[in-house]
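What follows is a single structure, written as structure tokens, with notes after it.
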Amino acid sequence: MIGGGSHHLRPGEISLASGGVLFLDELPEFSPAVLDALRTPLEEGVVRIARAHVRATMPARFVLVAAMNPCPCGAAGGPGHCRCTPVALARYARRLSGPLLDRFDLQVMVPVPEPSALFDPAAGESTAVVAERVVAARLRARSRGVVCNARIVGSEVDALAPLDSAARATLEQAVASQRLSARGLRRVRTLALTLADLAGQDPPLGRVHVLEAMALRQAPVGGVDQWAVTDGGEAS
Ligand SMILES: [Zn+2]
């Protein structure tokens, strides 16, 4: 995953996926040590590998998309079907560390579809329509001098993603009640900026933007259907 090798250094999956998407299905099935080794590359966009006589820095700027079942038996998305014990649920949730989850910009619950939806799916927006909106949002981000909002660093957040007083009060409350970490705060602000960009609105960000951003990264792990996306520098 990370790269390495005993005689010749080889790039890992995270370097092979650089500039693209790395999709990890069944996220809790990966070793916790491997998952935690993703944390630094997710922040820095590079991976540093050191072996006895060799050191190397390889590119690792990827969008991490991950999926997991709601619980080990997979049935917790519907009421009354889960066969997992509380101990098994807790063990499953513990496989994902808080610091790793904190790096996911989006944590979205995917509910079990109604049977009728499987037979008669409602028509959604076409990909082409959504793509137009994404391109417009990306252009707004580029006009700020960044490739995308997720690349806005901490020192630039105040200037590029300013808050109105209600948005600021909402975020202060979330941090004070420990629902939001310092890292999470920056990610919520850049995600809120992307939501404003998608709506064609200019900063300052309002309360509605930050509340929506927080709601998009709050799926609890264990007991729910979930899939999640990090920025990895690119998603928001
Ligand atoms: Zn279960």
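Bear in mind these aren't lab numbers, they're just calculated from the coordinates by the rules spelled out. This is a predicted model, so every value here is computed, not measured. Note: ideal-geometry Cβ built from the backbone for every residue, glycine included; neighbour counts use all protein chains shown.
D for the chain, whole µm²/s, Stokes-Einstein with Kirkwood Rh over alpha-carbon pairs at 37 °C and 0.692 mPa s: what number?
168
Would you calculate a helix-derived [θ] at 222 nm for the chain, using -39,500 (n - 2.57) for each DSSP H run of n ≥ 4 and dividing by the full residue count, to the nearest 500?
Calculated at 222 nm, the ellipticity per residue is -11000 deg cm²/dmol.
What share of the DSSP beta bridges in the chain is antiparallel, in percent to the nearest 5?
So the antiparallel bridges amount to about 70 percent of the total.
Run the dipole for region 127-215 about the Cα centre, Lys and Arg Cβ at +1, Asp and Glu Cβ at -1, nothing else charged, and hand back the magnitude in debye, nearest 20.
260
Among the helices of the chain (complete DSSP H runs), which have Cα atoms covering no less than 15 Å along the helix axis and a Kyte-Doolittle mean of at least 0.0?
Sorted by number, the helices that extend far enough and score high enough are 127-142, 165-176, 182-198.
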